[in-house]
Every structure is written in structure tokens, then in C-alpha cells.
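Beneath this line is the structure, given in C-alpha cells, with notes to follow.
Derivation of every value follows stated rules applied to the coordinates shown; laboratory data play no part. Just so it is clear, the model here is predicted, and its values are computed rather than measured. Methodologically, a virtual Cβ is constructed for each residue, glycine included, from the backbone with ideal geometry; neighbour enumeration extends over all protein chains shown.
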Amino acid sequence: MPVSNSGYNNSNDRGLSNMEKEIPQEIHCGFSKELLDEHYAHYPAVHQNKIKEIEARLLKADTAMANTTYCPLRSLKIEHTQALNSVKLHKYFFENITQGAATQPSLEMLGLMERIFGSLQEWEKKFFALAMCARGWVMLGFDLEEGRLRNYFSDSHAEGVWSVLPLLVLDVYEHAYYTAFPSRSDYVKEFLKHVNWAVVSKRLNTAINMYKVKFCPQGE
């Protein structure tokens, strides 16, 4: 699972066998290479394999037995969503952790932060508070219909809001931090010191372009 300049990630999402680079020793703060490798191996890598298994079973699912209370098709689709979102959210999470100290948000990101939240510091307070009460994920997202930033959280991989692109994603399941940090609070504070704002700002640019093309009324 190589580490690129854009954050911790694996090159092809197929497993841990293609490890090429090491996380620099600067990340001695708790986001060690060992912690992230273990996190990846036990969660998104396992879920990636399960997706293939579930999709194979879906091809054979009996649609004639479809039922809202229980049927194999319903159960398979529920678990497919759970596993698929786990892989996607973990990818966002690993990518938006920087190798060293946090980079700086782009001017466009700062402008939106100030307009929506008042300041970067006020956004951070709100994001931190959500991270302390969520059971699964916290994210800063861009609403493609409203063209604005919002903070969101979910208690499971399967929860989410439609037409929202994730910009900054934080895993707050206990497996993400309990072996390396004394508390969730310490974990979240350390995460905010290692946000790769270059990656987040790049995601914002993509979201804004999509909003302008697909959702923004003509002439705006």
C-alpha cells in the first residue's frame, strides 16, 4: 500500500502486496504506517473482497421472491451498500491524511468556510463536535443542489445524503483509533493537524465544476 504525496492510499485497492513506499517518520503522532496498514487490511480490503462475493450472489438472486420484510435480494443489497460505502469512505479518509503537518486550505475553500461557517476555526469546532457524537463517519461535504458546504455524520457505512460530494472524511469508528490514541478527542485533534487540504481543495474544485455544469441555473 504505497503512500503518495496526496496522502495515505493504496495504488490499486487490491490488497497490501504492492507496498512500495513508507510513510515518513514524521507521522509518529499516532497515524503510523503500522496503524494505517492494519486499518486498511482489516476493513476496506476485507470489504472489497466481500463486494465481489455479494455481486456474484446478486446475479443469482431470485427476484420472484422479492419481499419488503425479508428476501435474499433485499439482504444482499443492504450488505452490498454497506461494503461498497465502506471501501469508498475509507479511500477518501486515507487520501485526506497528509504525510506531515496539515497543508493550508485553498483561498476558495477559505472563502466558502467564512461564508458558511464564519471562519475556518468555527468550522473546525462544529466538525469536532460532530466527530464526538457520531458513531461511524464525519465529513465535510459539498451539496451539489444548493452549491454550499455542510458538515454531515453517519452512524453506519450505509447512511448518507444524496447529491453530496465528500470533501473531507474522518473515520470515527473505534477501530480507527483505540489502539493508538488515549481517547477519541485526542484522535480527532491529531487528525485535524494532519488534514491534506490540497486533496480536499482539489475535491472542492471538482464539486464546484459539477455544480456549475449540472445544477447551477443558466446565467449564474
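Can you classify the range 52-155 as rounded, prolate or oblate using the Cα gyration tensor, where a ≥ b ≥ c are the square roots of its eigenvalues, rounded means a/c under 1.5, and otherwise it's prolate if a/b beats b/c and oblate if not? Since a/c reaches 1.5 and a/b is larger than b/c, the shape of the range 52-155 is classed as prolate. Taking amide H as placed 1.01 Å from N in the peptide plane, the amide H of residue 97 sits under 5 Å from that of 8, 196, each at least 5 places away or on another chain. Here the simple spin-label model places points 7 Å from the Cα toward Cβ, and for residue 132 and residue 190 these points are separated by 1.9 nm.
Considering only lysines 8 or more places apart in sequence, or on different chains, count the pairs in the range 130-220 whose C-alpha atoms sit under 25 Å apart. Mind dumping the intermediate values first?
On the way: 189/202; 193/202; 202/212; 202/214.
Here the count comes out as 4.
Candidate cross-link partners of residue 77 among the lysines, defined by an alpha-carbon separation under 22 Å and a same-chain spacing of 8 or more, comprise 50, 52, 60, 88, 91.
Let me know the shape class of the range 105-167, please: from the alpha-carbon gyration tensor, a ≥ b ≥ c as square roots of the eigenvalues, rounded when a/c is under 1.5, otherwise prolate if a/b is greater than b/c, or oblate. Here the range 105-167 falls in the oblate category. Modelled spin labels at residue 174 and residue 146, positioned 7 Å past Cα toward Cβ, are 3.4 nm from each other. Each 10 Å bin, from zero up to the one with the longest distance, holds this percent of the alpha carbon pairs of the range 107-215: 14, 46, 32, 8, 1. For residue 167, the residues whose amide H sits under 5 Å from its own are 140, 141, 142, ignoring neighbours fewer than 5 places away on the same chain, with H placed 1.01 Å from N. Label point of residue 108 set 7 angstrom out along Cα-Cβ; within the range 175-218, amide nitrogens under 16 Å from it belong to 197-216. The length gained on full extension between residue 88 and residue 66, counted as 0.36 nm times the residue separation minus their Cα-Cα distance, comes to 5.1 nm.
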